[in-house]
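Enquirer: Before anything else, here's the structure in question.
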Amino acid sequence: MDGYGVDYSWTDLVVPYHTCDIIYLMDFDQFETRDEIQFTTKKNHFSYKGNIQDYMSGLDLSSNKLTGQIPEELGLLTRILSLNLSHNKLSGPIPVSFSNLSQIESLDLSSNSLSGKVPSKLIQLTKLAVFDVSYNNLSSRLPEPKAQFGTFGNESYEGNPLLCGTPLENNCTTTPQVSEPSTKTDI
């Protein structure tokens with residue numbers, strides 16, 4: 001076991017623990033393995049060789065102190081089923097390129113500092129079952145509640161007081177009241 005309570009004895013693949021300060025643009029086509037890699041997860045044995053992108057079904061970079069904007073290039077991972085970038089310090093817009101993630105079932109961008117709109121092209125993601133953009137700085141009208149977007153409730157968007165539209169109580173005809181955080185002083 002390592003110092004974080006993780007047992008790596010089941011695999012020859014060791015990924016050292018690092019705190020990331022920024023997402024660097026990565027060319028996933030360059031990630032290849034010449035040797036066959038074997039690993040076990042959930043009591044199933046797997047092996048792969050070649051382009052890692054062909055085998056990647058999920059990417060979880062949550063809680064890594066990532067900063068900066070989300071790279072548009074992540075929208076090139078068209079076979080990915082799950083993408084979790086939650087609990088970081090990411091800023092800027094949600095990439096429109098995420099509408100290319102045609103196989104995605106779970107997209108979690110919660111608890112960051114993302115701003116701007118929820119791209120309307122995301123309604124093209126017909127397999128999306130989990131969508132969470134809560135606790136960001138998003139604003140504007142939500143995409144029409146069509147297809148999968150009609151299944152997401154308030155909890156997907158909470159903590160974004162400037163968002164409006166169905167399913168939120170703010171119907172876009174009134175200006176939402178944003179209260180300033182109270183400060184407590186010791187006397």
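Coordinate-derived values only; no laboratory data. Predicted model only: the values in this text are computed from it and were never measured. Every residue, glycine among them, receives a Cβ derived from its backbone with ideal geometry; neighbour counts consider all protein chains shown.
Enquirer: What does the charge count near ASN160 come to, summing +1 for each Lys or Arg and -1 for each Asp or Glu among other residues with Cβ under 13 Å from its Cβ?
Expert: -2
Enquirer: Ranked from highest to lowest mean number of other Cβ atoms within 10 Å per residue, what is the order of the peptides 66-77, 127-138? Mind showing how you got there, number by number?
Expert: Working: 66-77: 16.8, 127-138: 19.0.
Ranking the peptides 66-77, 127-138 by packing returns 127-138, 66-77.
Enquirer: Calculate log10 I(q)/I(0) of the range 132-176 for q = 0.24, 0.26, 0.30 Å⁻¹, where I(q) comes from the Debye formula with a single equal point scatterer on each Cα and nothing for solvent.
Expert: Per q value, in the given order, log10 I(q)/I(0) is -0.80, -0.93, -1.19.
Enquirer: Still on this structure, please answer the following. Near SER82, within a Cβ-to-Cβ distance under 10 Å, what is the net charge of the other residues, with Lys and Arg +1 and Asp and Glu -1?
Expert: Around SER82, the surrounding residues sum to -3.
Enquirer: Follow-up. Please give the net charge around VAL130, taking every other residue with its beta carbon less than 12 angstrom from that of VAL130, where Lys and Arg add +1 and Asp and Glu add -1.
Expert: Overall, the nearby charge balance is -3.
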